[in-house]
1. Would a scan of the range 82-89 turn up a residue that is surrounded by fewer than 18 Cβ atoms within 10 Å (Cβ to Cβ) and within 17 Å of Leu101 (Cβ to Cβ)?
2. Would you be able to tell me the number of residues in the range 60-74 that are under 11 Å from the mean Cα position of the chain (by Cα), surrounded by 15 or more Cβ atoms within 10 Å (Cβ to Cβ) and among the aliphatic types (A, V, I, L, M)?
3. Please verify whether Val141 is hydrophobic (A, V, I, L, M, F, W, C), out of contact with any helix residue (DSSP H, G or I) (no Cβ under 7 Å at 6 or more places or on another chain) and at pLDDT below 95, treating the condition exactly as stated.
4. For the condition touching a Pro at 6+ places or on another chain (Cβ under 8 Å), surrounded by 13 or more Cβ atoms within 10 Å (Cβ to Cβ) and of a type in the set (A, V, I, L, M), what is the one hit in Val39, Val105?
5. Any residue at all in the range 82-98 that is under 15 Å from the mean Cα position of the chain (by Cα) and without any contact (Cβ under 8 Å) to a residue 60 or more places away in the chain?
6. Taking the options Ile57, Ile9, Ile15, name whichever one is farther than 25 Å from Arg99 by Cα, of a type in the set (Val, Ile, Thr), over 12 Å from the mean Cα position of the chain (by Cα) and modelled with pLDDT of 95 or more.
7. Can you list residue pairs whose Cβ atoms sit under 8 Å apart, with the first residue in the range 111-136 being closer than 24 Å to Trp63 by Cα and the second being outside any loop (DSSP other than H, G, I, E, B) and of a type in the set (Ser, Thr, Tyr)? Count only pairs 6 or more apart in sequence or on different chains.
8. Determine whether the range 108-116 contains at least one residue that is surrounded by fewer than 17 Cβ atoms within 10 Å (Cβ to Cβ), within 21 Å of Phe48 (Cα to Cα) and in contact with a His (Cβ under 9 Å, 6 or more places away or on another chain).
Amino acid sequence: MKNTLKPGIRFEHKIIVPKSKTVPFLYPEAQELEVMPKVFATGFLVGFLEWTCIKAINPHLDWPMEQTVGTHINISHDAATPTGFEVTATVELIKVEGRKLIFSVAAHDGKDSICKGQHERFVINKEKFDARMAEKEKSKV
């Protein structure tokens, strides 16, 4: 981690919601989801917030050897967003506790505030992490 990784880092990221990021596409094998409204899925919103946090801090890490993984998410999803709308995520690193990073996150779709909350990420050494996952895979029954 570079010494520039400090609270106060802010980043904004935008995406136009495509059909492929709507609820019916979250789990294509789930028949229950096939009939749900074609609005931005909460699962894809979470991924978009994670992506925005990663973009915010990557310049402050020894990328790609240092990366981050999500460890906690606490958001509200307050408004539905149809396809074609531009969603803007805004994140701010509010706390650094060793390798644990805590972000304030929010998003809007140009008409409504669609979410707000907090997200935690943890800085990892990619090589060590991959080795642990390879070891774990060997132990699966």
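The values are calculated or read from the model by the stated rules, or taken from the named source; none is laboratory data. Only a predicted model underlies this, so the values are computations on that prediction, with no experimental measurement involved. Cβ sites come from the backbone with ideal geometry, for glycine too, and all protein chains shown count toward neighbours.
1. The initial filter retains those residues of the range 82-89 that are surrounded by fewer than 18 Cβ atoms within 10 Å (Cβ to Cβ), namely 82-84, 86, 88.
Then drop every residue that is not within 17 Å of Leu101 (Cβ to Cβ), which leaves none.
No, there is no match, as no residue in the range 82-89 is surrounded by fewer than 18 Cβ atoms within 10 Å (Cβ to Cβ) and within 17 Å of Leu101 (Cβ to Cβ).
2. Counting residues in the range 60-74 that are under 11 Å from the mean Cα position of the chain (by Cα), surrounded by 15 or more Cβ atoms within 10 Å (Cβ to Cβ) and among the aliphatic types (A, V, I, L, M) gives 1.
3. Values: hydrophobic (A, V, I, L, M, F, W, C): yes; out of contact with any helix residue (DSSP H, G or I) (no Cβ under 7 Å at 6 or more places or on another chain): yes; at pLDDT below 95: yes.
Judged against the criteria, Val141 is a match.
4. Values: Val105 fails: touching a Pro at 6+ places or on another chain (Cβ under 8 Å).
After applying the criteria, what remains is Val39.
5. Filtering the range 82-98 for residues under 15 Å from the mean Cα position of the chain (by Cα) gives 87-93.
Filter once more, so that each one left must be without any contact (Cβ under 8 Å) to a residue 60 or more places away in the chain: none.
No, because not a single residue in the range 82-98 is under 15 Å from the mean Cα position of the chain (by Cα) and without any contact (Cβ under 8 Å) to a residue 60 or more places away in the chain.
6. Values: Ile57 fails: farther than 25 Å from Arg99 by Cα; Ile9 fails: farther than 25 Å from Arg99 by Cα.
Matching residue, one of Ile57, Ile9, Ile15: Ile15.
7. So the pair list comes out as Gln118/Ser104; Glu120/Thr71; Arg121/Thr68; Arg121/Thr71; Phe122/Thr68; Phe122/Thr71; Val123/Thr68; Ile124/Thr68.
8. So in the range 108-116, the residues surrounded by fewer than 17 Cβ atoms within 10 Å (Cβ to Cβ) come out as 110-113, 116.
Now drop any that are not within 21 Å of Phe48 (Cα to Cα), which leaves 110-113, 116.
Subsequent filtering for residues that are in contact with a His (Cβ under 9 Å, 6 or more places away or on another chain) retains none.
No.
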